[in-house]
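Structure first, commentary second.
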Amino acid sequence: MTGPSAVPPETPAPASPPADAVIVVPVRNTVLFPEIVFPISIGRPGSVAAAQQAVREQRQIVIVLQKNPELDTPGPDDLHRVGTVANVLRYITDENGGHHLVCQGVQRFRITEFVPDFPYLVARGLHLPEPAAEGPEVEARTLVLRRQAQEAIQLLPQIPAELGQAVLAASAPALADLVAAYMDAKPEEKQEILEALDLNDRLDKVSRLLARRIEVLRLSQEIGRQTKASLDERQREVLLREQLAAIQRELGEGEGRGQEIAELEKAISEAGMPEDAEAQARKELRRLERTSDSAADYGMIRTYLEWLTELPWRLPDTPPIDIAEARRILDEDHFGLEKIKTRILEYLAVRKLAPEGKAPILCFVGPPGVGKTSLGQSIARAMGRKFVRVSLGGVHDEAEIRGHRRTYVGALPGNIIQAIRKAGSRNCVMMLDEIDKMGAGIHGDPAAAMLEVLDPEQNSTFRDNYLAIPFDLSRVVFITTANMLDTIPGPLRDRMEIISLAGYTAGEKLQIARRYLVRRQLQSNGLKPEQAEIDDEALAAIIDGYTREAGVRNLERELGRVLRHAAVEIAEGRTSTVRIGKAEVADILGPPRFENEVALRVSTPGVATGLAWTPVGGDILFIEAARTHGSGKLILTGQLGEVMRESAQAALSLVKSQALTLGIEPDQFDRIDIHVHVPAGATPKDGPSAGVAMFMALVSLMTGRPVRTDTAMTGEISLRGLVLPVGGIKEKIVAAAAAGVTRVMLPARNRRDYDDIPEEARGKLEFVWLERVEQAVAAGLTGPAAAKESLPPPAATRPAA
């Protein structure tokens, strides 16, 4: 907080305005009158600079109302010409960076011209003296205005007594300004009063406005009296109703309510609650008996008791788990995913042998459309239990998980308890969908609330805020799904067993379409299998040319389009059966939307093919490098993240350090600029796995030897030339196989991921394992060698198809 002579030290002192000029501070929706002390908040840089200059030089300022309050930077034409000269009594800065002035109006001021070349508004003008308060007309108007002001003060009991004394002691000009300053009027109306130099005219304007406000105050007071009378009448009605209820009970006429109480008591007895829950329910039931039907608490207590009695407190009998039947269900519902099915069968076997044990929480992680949610449904079928799904996408309030306290109007339990009630079983299979899409908000972090739900050691006493009693969740089979793990907090991720689902290969998509999707779309479009048929070549054409995804959702949409076309022909009677082949696909869906990336690769020095991981599966990307005359700068484009930009810097430094070994003239780096670009510039990219591809693109550019067009690569590099392991190998290899690549270069330390790669993708590709970047140069560049390699060529492996 600063006094009148203290200014924040970081503000530089500009040139002082001329002695015959004044500093102007424009304000919104505020009119300052002479002799009035008023606080003013400022925030615009020009206003702050003007106020600080005035405080610094102990000068007066002119407070002027701007015509349009929406303008952030008003100019001379945007201000009224009449304002008020004021003394800055105090300059205050608060802890949030706000600036405030306490000003006392001195005299009216008319602006005649503005002085340019200052960082704030500076003007010259005329000081307007107050007219003489003499004559019978002035005295009469003053008397009327003083009487009106006293009446207004009486209608507003919260007005301090000092203001009434000031009204009695003020002279005619001061009285008009005092009433106008504290009157509830529009800024334009107050500005008219400020500009009224004739005292009679000024007194008339203030009197008219005050008369209108007094009428409003009278009406408000009358409405308040009527409202109070209405409330008294309502309280009387409540009292009479309670007496009537007592009389009805004495006469035996309250049997309807008594029956309701009896039904609730029976429901409590049959619910099978634990002792503490049943004691709480009976306590609330006794409270309900004492509460009037018309009381606000009656409905709240009854709803609470209904929730308690409708929850499945008892553990139902479940049939034993049949592992063979579970295997059949998984194979029937899903194609492929052998490792996932094996892990699920292991999970079911443990639950069968140790039904009372604490099973792990499974978390299915993978791109959209790969079958995460349907796997949960299959587990429920295999276990013979009810399935319920809770969507967590977009949840940002802890109360969505734990519920609201009953003190709030319209309070309900959280999504977990609501799902238990919906399933009607305490040992259901509950799928928590999109757990990675939760976000913290001002109402708490739902991920923190999920820690108790997903902890087998704690969820046996889960406490919902609405129920306010423990509920046992230990028998619920929790399964979660996510697209990526990065957004899941570490403590929550630690409570789950992660099971990764990669994208499907083209062959797997063909089998899924043939076994599941075509049949489902035939039913959706009202067709019978004998009416429409899609051959395998048509399915392969749709997969390769019209979809580019890790899952099969878009594939199912395209199949729906094709079959709707067949449905139109059959409905119009043009044919009774439709057979769709590869030739008909282009006629129905149009030209292919995607082309094989092999066609995009060219044998040009400076271009390398990299492999990338995305939340929706793997992808390939091209690293392009070019050089121009310059001064040794590195230019990076393509919306690259910080980590990827550092990889490019490391790749260039590695090329410079091995220039002689690679046959590159070291001096030329100082005479050229190198530009590295990653196409698809509208898509953000980041991560260290493009290090090898960037190094190869730069070596290819500087040596003039193209990178092999059939080869894609991934891996992080170090300044020592080591190729370091990266993640997402399975997704990247699937994407490489789908893009037509026949050869991939991978870090040697990623051999551990080889078994996770689908057999179909392994059969299409030749794998080159890299330990150092020299091996990448030997295996990836074409043309004559620029220098003798320091390491032997890497070993290449091609598994049998």
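The values are calculated or read from the model by the stated rules, or taken from the named source; none is laboratory data. The structure presented is a predicted model; accordingly, all values stated were derived computationally and were not measured. Cβ atoms come from the backbone with ideal geometry, glycine included; neighbour counts cover every protein chain shown. These accessible areas exclude ligands, DNA and RNA; they are computed on the full protein's heavy atoms, side chains included. Shrake-Rupley method; radii C 1.70, N 1.55, O 1.52, S 1.80 Å.
Put a plus charge on the Cβ of each Lys and Arg, a minus charge on the Cβ of each Asp and Glu, and nothing anywhere else: the dipole of the chain about its Cα centre is then about 1420 debye.
Restricting attention to region 131-179, which GluC sites (Glu not before Pro) occupy a DSSP loop and are surrounded by at most 10 other Cβ atoms within 10 Å? Sparse-neighbourhood loop GluC sites (Glu not before Pro): GLU134. Defining a contact as two alpha carbons under 8 Å apart and six or more residues distant in sequence, what relative contact order in percent does region 709-758 show? Worked out over region 709-758, it gives 45 percent.
Among the GluC sites (Glu not before Pro) within region 555-591, those in coil by DSSP and having at most 12 neighbouring Cβ atoms inside 10 Å are GLU572.
Would you kindly state how much longer the chain becomes between THR487 and GLU646 on full extension, computed as 0.36 nm times their sequence separation minus their alpha carbon distance, in nm to one decimal?
54.9 nm
Ellipticity at 222 nm from helices only: DSSP H runs of n ≥ 4 in the chain, each -39500 (n - 2.57), divided by the residue count, give -13000 deg cm²/dmol. Under the convention that each Lys and Arg Cβ holds +1 and each Asp and Glu Cβ holds -1, the size of the dipole of region 61-206 around its Cα centre is about 300 debye. Positive-end ranking of ILE223, GLY663, ILE635 along the dipole of the chain, with charges on Cβ about the Cα centre, is headed by GLY663. Our summary gives the chain a relative contact order of 7 percent, counting only alpha carbon pairs under 8 angstrom and 6 or more residues apart. Classify region 505-551 as rounded, prolate or oblate from the Cα gyration tensor: take a ≥ b ≥ c as the square roots of its eigenvalues, call it rounded if a/c is under 1.5, otherwise prolate when a/b beats b/c and oblate if not. Prolate shape, in that a/c is at least 1.5 and a/b is the bigger ratio.
Loop-resident trypsin sites (Lys or Arg not before Pro) (DSSP state other than H, G, I, E or B) in region 658-747 with no more than 10 further Cβ atoms inside 10 Å of their Cβ: ARG720. Atom-type composition of the exposed protein surface of the chain places 52 percent of the accessible area on carbon and sulfur (1.4 angstrom probe). The C-alpha atoms of region 366-486 occupy a region whose extents along the principal axes are 42, 31, 28 Å, arranged from largest to smallest. Relative to the current alpha-carbon distance between ASP72 and ALA296, full extension at 0.36 nm per residue lengthens the span by 75.7 nm. For the chain, the solvent-accessible area with a 1.4 angstrom probe is 49 square angstrom per residue.
Name the residue farthest towards the positive end of the dipole of region 393-458 from the options GLY394, GLN458, ALA419, assuming +1 on Cβ of Lys and Arg, -1 on Cβ of Asp and Glu, about the Cα centre. Of the candidates, ALA419 comes out farthest on the positive side.
For HIS127, the accessible surface of its heavy atoms amounts to roughly 90 Å² (probe 1.4 Å, protein chains only, rounded to the nearest 10). Working from label points 7 Å from Cα in the Cα-to-Cβ sense, the ASP117 to THR604 distance is 5.6 nm.
In the chain, taking the dipole from charged Cβ atoms about the Cα centre, the farthest positive-side position among ALA181, ILE729, PHE594 is held by ILE729.
Think of each Lys and Arg Cβ as +1 and each Asp and Glu Cβ as -1; about the Cα centre, that makes the dipole of region 636-777 roughly 160 debye. Across the alpha-carbon set of the chain, the Rg to Rh ratio works out to 1.13, Rh being the Kirkwood radius.
Taking chymotrypsin sites (Phe, Trp or Tyr not before Pro) in DSSP loop conformation with at most 14 other Cβ atoms inside 10 Å as exposed sites, the chain has its longest uninterrupted site-free stretch at 1-407.
Where both bridge residues fall in the chain, DSSP classifies roughly 55% of the beta bridges as antiparallel.
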